[in-house]
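Please read the structure below before turning to the comments.
The values are calculated or read from the model by the stated rules, or taken from the named source; none is laboratory data. Note that the structure is predicted; figures quoted are calculated from it, not measured. For neighbour counting, all protein chains shown are included, and Cβ atoms are generated from backbone atoms with ideal geometry for every residue, glycine included.
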């Protein structure tokens, strides 16, 4: 059995407790590999020396006492520690640093030492790269407006120079024209980065065109960095495949759903969406904010910031707040970027009508409008049953539900209770879900890690299903047993973790949960609206 230990002390790196007896040189090859948080990777130790490689751009000396990791055979050695008698600062490309490893063997009370020599070198410079696909779509007649970010997002600088210009190769199709400003673009002509905001494609009919885009670095218009494919798809009539629509009452903010963006991105590109950037809307219509919409910790979105589907900063924490008394349709343009480097354009249309208009949506929440028809009945039902609550008349249906709030909803929905048996260390005793998490912990519904629960973190769909399955067991509510066959309808079923597969299969077979088309998206966050629908199905089945 191998053990990897991360050592972060200032001068001595210690795992376990070494006895205070005298040390004796035994010079055994205790370590098998060594690594550092600033190094490119861990390396295998041969003999009594090792060389760590840092990135090409690493500056200064490497402090070996902070961020070091060592691997050794823990079945043979009970304790291992490292110290640096001559100092822990290793100069990149300089002399080796003496690292003294003190260790104790199994069934031996004596302690021994072995000296190693650790060198640090710089990684070779990595070339720049310009690869991938830029995908744009629109309805005819219409115009694609490009930005420099459409092209720089495909550029990986590495250790090279900044991108400065592009050249587009190809020819105009019969249904549209590439332009720079008011003039038709001359294919093969250099376009400086500063002029890309004037690049457009004017579509007059439906069709699909493809171009090759080549990029050059600053001060060099001879040596090519790389090339990408630019595709422009124009649909006929009023089709708007790239539009996300919302219908709300006057004054209602709307928090975006990362799930909606991800599904649309896959429809448009066939690939997995990584992040989006926004073109800021007209101030007269409203403002985009990022943060927790239920608190004051939010700030305006910026056009150069990236908002991610599966990591931070999360797309599901971006909220559009309409301007006072705004009525009509607010439009927010965005660019999506897939995990493979493809980019595409999209639009969010948010239509506002007078408060109290016909078919305005929920009876209890102002932000559950007709666009939430699939969840409206469930949300109202759960509110009337005392299972969910909002804040100031808002439910924030598209936001990802937190682990704490999901646990609270489970306990309320199934009337769960248990004797207090303690709680996780990071659950505030004054929080609204403190008792619910304590109950769920006692019943085995929730399990933390290292004594913590992370109640404010978003919850993945598969983890929600595991918690829901345990809650059903605790409430003695039976559902039919599912199998791997029930998961075969989902093209991403292999992405469902082994620990969650049985719970997901059972709930799919019981028609309690559904996918998104042919996908289940197990690692996507579950929304507050989605949670309401699932609980409603169980409570009314």
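Out of 438, 431, 417, one residue alone is at pLDDT 90 or above and either in a loop (DSSP other than H, G, I, E, B) or under 20 Å from residue 468 (Cα atoms) (or both). It is 438.
Having 2 or more residues that are surrounded by fewer than 16 Cβ atoms within 10 Å (Cβ to Cβ) and in contact (Cβ under 8 Å) with a residue 40 or more places away in the chain is the bar; report the strands (runs of 3 or more DSSP E) wholly within the stretch 168-239 that clear it. The qualifying strands (runs of 3 or more DSSP E) are 207-217. Restricting the stretch 245-273 to residues that are at pLDDT below 80 and part of a strand (DSSP E or B) leaves a set whose member that is surrounded by the most Cβ atoms within 10 Å (Cβ to Cβ) is 248. Exactly one residue out of 60, 87 is on the phi > 0 side of the Ramachandran plot and at pLDDT below 90, and it is 60. Considering (1) in contact with a helix residue (DSSP H, G or I) (Cβ under 9 Å, 6 or more places away or on another chain); (2) part of a loop (DSSP other than H, G, I, E, B), the lone condition that residue 126 does not fulfil carries the number (1). Scanning the stretch 42-81 for residues that are in contact with a strand residue (DSSP E or B) (Cβ under 7 Å, 6 or more places away or on another chain) and assigned to a loop (DSSP other than H, G, I, E, B) gives 42, 45, 48, 56, 58, 61, 64, 65, 67, 74, 76. Just to be sure, is residue 404 surrounded by fewer than 22 Cβ atoms within 10 Å (Cβ to Cβ) and touching a residue at least 24 places away in the same chain (Cβ under 8 Å)? In short, no. If you go through the stretch 277-309 and keep only what is closer than 17 Å to residue 458 by Cβ and modelled with pLDDT of 85 or more, you end up with 290, 307, 308, 309. In this entry, residue 389 passes the filter for residues that are under 32 Å from the mean Cα position of the chain (by Cα), closer than 26 Å to residue 319 by Cα and free of Cβ contacts under 8 Å to residues at least 12 places away in the same chain.
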